[in-house]
1. Using only Cα atoms and rounding to the nearest 10 degrees, what angle (0 to 90) does helix 477-491 make with the longest principal axis of the chain?
2. Pull up the cross-link candidates among the lysines for K9, meaning alpha carbon to alpha carbon under 19 Å and not fewer than 8 places away within one chain.
3. Taking +1 at the Cβ of each Lys and Arg and -1 at the Cβ of each Asp and Glu, which of L39, T78, L65 sits farthest along the dipole of the stretch 35-91 towards its positive end, judged by Cα position relative to the Cα centre?
4. Going down the table (K424/K494; K133/K320; K209/K308; K308/K336; K308/K349), which pairs top 19 Å between alpha carbons?
5. Among T332, S442, L17, which residue has its Cα furthest toward the positive end of the charge dipole of the chain, with +1 on Lys/Arg Cβ and -1 on Asp/Glu Cβ?
6. Top to bottom by accessible area (1.4 Å), largest first, where do W313, W220, W50 land?
7. Given R₀ = 35 Å, FRET efficiency for D108-D295 by Cβ-Cβ distance, to 0.05?
8. Please find the FRET efficiency linking M45 to R241, where r is the Cβ-Cβ separation and R0 is fixed at 60 Å, and quote it to the nearest 0.05.
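The values are calculated or read from the model by the stated rules, or taken from the named source; none is laboratory data. The structure presented is a predicted model; accordingly, all values stated were derived computationally and were not measured. Cβ coordinates were reconstructed from backbone atoms using ideal geometry, including for glycine residues, and neighbour counts include every protein chain displayed. Remember, those area values only see protein heavy atoms, side chains included, never the ligands or the DNA or RNA. Shrake-Rupley method; radii C 1.70, N 1.55, O 1.52, S 1.80 Å.
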Amino acid sequence: MEKLSKAFKGKLPITELTEDEAALHALNRLGYGPRPGDLDNVRRMGLDKWIERQLHPDSIDDAALDQRLTAYPTLAMTSQELLEKYPPENQAAKKQGLTKEEYKDQMDEKRRAAVAQVKQVSDADRAQIELAKIQGPRRIVTELSMGKLDRAVYSDRQLEAVMEDFWFNHFNVFENKGADRWMLTAYVRESIRPHTMGKFQDLLLATAKSPAMLFFLDNWLSADPLASKQYQQEMAARRRRYQGIFMAGGYPPGTFPGNPMPGVGAAGAKAKKQERGINENYGREVMELHTLGVDGGYTQQDVIAMAKCLTGWTVKEPRKDPRFFFDDRIHTNGKKVVLGRTFNYGGMKDGEEALKMLANETATAHFISTEIARHFVSDNPPAALVDRMAQTFASSHGEIHEVLKTMIYSPEFWSRETYRAKVKTPFELAASTARALNSQVSVPVQLAQWVGRMGEPLFQCQPPTGYSDKAETWVNTGSLLNRLNFAMTLAGGKMIGTSVDMESLLGKDATGDPQMVLARALDVFLDSQVAPATHEVLEQRLNDPQIVQARLDDPVKHVDEGMIAGLVLGAPEFQRR
C-alpha cells in the first residue's frame, strides 16, 4: 500500500486506501460524486483542505448556482404568495364563480397558451415545452424538485447539499397531504437549509415551528380539550349576546360576522369544536423519529405529556396565509412530566423547553449519530464510531459539523470495508450520473421524473420516516434495470432538457475504437477502479451490433459512445458510493 503524502491527507487517518481511492471516496460520500477534473482538483488542493472547506460551506462561493436557481421563481416565494398564484382547484373555482369542470377547462387553455408562448422562442426545446405544460399547484413541487437536482449537480458546497437531503429525509414532510404542497418550499428554504451544519437544537426547533411539519403531523389541530371547550363556550356566549343585539335591529340568527359557516348557528359550531382534543402524532414522532429513536426509553405517558407541551403550536389560516402561530387559548397549562422532567412554564415555553431537552438527551446523541453514520459510512455502522460521534454530539451541545468532523477524521470512515459499501439512492444516482457526464442540464424536469421512475419521487414519501438509507430498499432486479435504462438514456443524449458532449469527455480520437472508448469511459467515470469481473462483462458487450455499427459499403466503424458510457455508468461500481 502506497504511503499518502502529508500534503494530501493532512490529519486524515487513511491507511487502507490509495490516494486515488481516498479522493474518489470523499467525493462520493461527502458529495454527489466527481465531475470531470474534480479528482485532479482534490489531489492538487489536498484532500484535508478540500474537506475543511466542505465543513465550512460559507467559505465557498456558490454564486453560479444562485444565478441558475433564479430560473425557478417559486423557490423565493412565501407560502401565501404560492397560494395566491397557484390556488387549490376548488378554492380558485369558487372564487371565480366557476364549476370544477369550467375551471379545469380554463387551466387547460392556460396550459395551451403557455406552450404556444414557449414555442414562439426560436431556441425553445422540448424540455421547456414540457415544463410549460405544468401549470397550477403542480408547478410548485416541480420547481422545488428541479432546484434540488440543480443544487446536487452544480453546487460547489457539496457536503451542505448532501446534508440538506439527509435532514429533509430525517424530518420528512409529504407534499400531497392537504395544504403541505404550498408550505414545502418555505420549509426547505427556512427550516432545513439554514441549519444543515449548525446546532441540532436549532434545526429541531425550526422544524417544530414550521407550518409544513405542524400540518403534516396534525399538531396544528392539537388542543387541550378543557381549554378548547371553555374557549368555544365563551365564543358561543359572545355570539348569543351580539346576535341578541342584532336581532333587535333585524339581523337573523347565524349571520353574525365571523360565524364559522354561513347558515350554521352557534350550537352547530360548538358541537363541531367540542370534538377537538390532544393529537399525539407529532408528540410521538418528535421522540421516535426526530430525537430519541424508537428505543429511546420513553413511554406512552411521555408521548401524551409531550403532546400537551406542544398544544397551541398551530398554523394560522393554512389555505390562505400559513404561518406559525401559538394559540395560548388552547394550550394545556399546568404540570406536564416528560422523561421525568416537569414542564410548567406556561405558554409556548413549555414546548420550547421540552424540545430543547429532547435535543440534548443522551439517547438523541446516539440516535442522530447512528443515522449520520448510516448515511455516510455503512448500513450497519461500527458501534465504536457511533459512540465517539455521540460523545462529540454531547460535548459540543449538538454541533452537527463537529459530529461530521469526528466521523470523517476516523479510521472507520477510510477503511477498506467502508469503500463503496453504500448503494446510491435514485436521487444520488441521478445527480452523480449528471455530474460524471458533465451534463448541461437546462431544464431538469425529465431528470426529476426519472428519479421518481427509479423509485424515489421527490417530496412524495408518505411515511414520516422519509426514504430508506439502506441498500435492501433499492437493490432488486426491477430497480437495477431501471437504473441501467436511466444511464443509457442520459449518456445517449436522449433525455430532454439535458445535453452531453461525449467527444469532449472521451476524446475525438476514440470515436472509432470501442476498446479505447471503454478504457476512456472507465477512466473518466470510475477512475479505472473496477473489478476484473465487471471489466470482462463490459468487454463482452463491445461485440453488440448496437455498439459497433459496421456496413459492407463503409469500412469505418461507427461506435455508439453513449451506449458504452451508459453501460459503464450502469456497472455495480458506479451504483455504489
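1. The angle comes out at about 70 degrees.
2. Answer for K9, where 19 Å is the Cα cut-off: K49, K405, listed by chain and number.
3. Among L39, T78, L65, the one farthest towards the positive end of the dipole of the stretch 35-91 is L39.
4. Values: K424/K494 22 Å; K133/K320 25 Å; K209/K308 15 Å; K308/K336 7 Å; K308/K349 12 Å.
In this structure, K424/K494; K133/K320 exceed 19 Å between Cα atoms.
5. T332
6. Numbers: W313 0, W220 55, W50 25 Å².
From most accessible down to least: W220, W50, W313.
7. Values: r = 52 Å, r/R0 = 1.49.
Efficiency, rounded to the nearest 0.05: 0.10.
8. Numbers: r = 74 Å, r/R0 = 1.24.
After rounding, the FRET efficiency stands at 0.20.
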